[in-house]
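Q: I have a structure I would like to understand better, so I am pasting it below and will then ask my questions one at a time.
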Amino acid sequence: MIRSPLRLLALAGAAALVGCASVPMGDPARSAELKKFTPNPAAGQIYVCRDDRFFGAAITPTVELNGKPVARLSRSNYFFAELPPGAHTVVIKTLEHESKFPFKIAAGQQQFFQTWISFGVIAGRGIIDTYTPEEGRKCVTASALVGPLEAPAK
């Protein structure tokens, strides 16, 4: 009897550790342009980057910006947005957890956020934090741009 729950737990853990998650990809030409890191004097810019850590590879957290789902990230992917100056919130959501990061941004400013998957009870927990500009540029340069979330069919 006890073997079955342990096997199920082991399989769930293995699924969280391996796999190839698929997300909508962005335009490679746009990605190359964004990797020049040219500030926009009229808006703030954010990059949310997920590096190539192996743990949680099968988990694709949703990125929300100001309460709206905007993208999903798998390993070695990043999301980009331009925002009006002011206060905003970026959220990383997984099955059992959401990590919120409120921030302020000014016109012409660039901010870099990192996300990764941590241990969870049912599934991995998506975590978000800041990168230094140097670390953020390094992660983005080694990653691919994700596309927007597709609208649900009506």
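Q: Roughly how many nanometres apart are two label points built 7 Å out from the Cα toward the Cβ at GLU135 and ALA107?
A: 3.1 nm
Q: Sorted by average packing, counted as other Cβ atoms within 10 angstrom per residue and highest first, what order do 75-84, 126-135, 91-100, 27-36 take?
A: Descending packing order for the listed peptides: 75-84, 91-100, 126-135, 27-36.
Q: R0 = 30 Å: FRET efficiency of ARG30 with GLU96, Cβ-based, nearest 0.05?
A: So the FRET efficiency works out to roughly 0.35.
Q: Here's something else I'd like to know. If amide hydrogens are placed 1.01 Å from N in the peptide plane, which non-local residues have theirs closer than 5 Å to the one on PHE113?
A: TYR47, VAL48, CYS49, TYR131
Q: Next up: Below 15 angstrom from the Cβ of ALA43, what's the summed charge of the other residues (Lys, Arg +1; Asp, Glu -1)?
A: 0
Q: Beyond 21 Å, what percent of the Cα pairs of segment 32-120 remain?
A: On the way: 1206 of 3916 pairs.
The proportion of pairs with Cα distances above 21 Å equals 31 percent.
Q: How far, in nm, would the chain grow between LYS68 and ALA144 when pulled straight, counting 0.36 nm per residue and subtracting the alpha carbon separation?
A: 25.2 nm
Q: Give the aspartates and glutamates reachable from LYS138 as a straight Cα distance under 13 Å; neighbours fewer than 8 places away on the same chain don't count.
A: Reachable aspartates and glutamates: ASP51, ASP52.
Q: Quick check: residue separation of SER22 and THR38 times 0.36 nm, minus the Cα distance between them. What number comes out in nm?
A: This chain segment gains 2.9 nm when fully extended.
We did not get these values from a lab; they are worked out from the coordinates using the rules stated. Note that the coordinates shown come from a computational prediction; the quantities given were computed from them, not determined experimentally. As a convention, Cβ positions derive from the backbone with ideal geometry for all residues, glycine included, and neighbour counts pool all protein chains shown.
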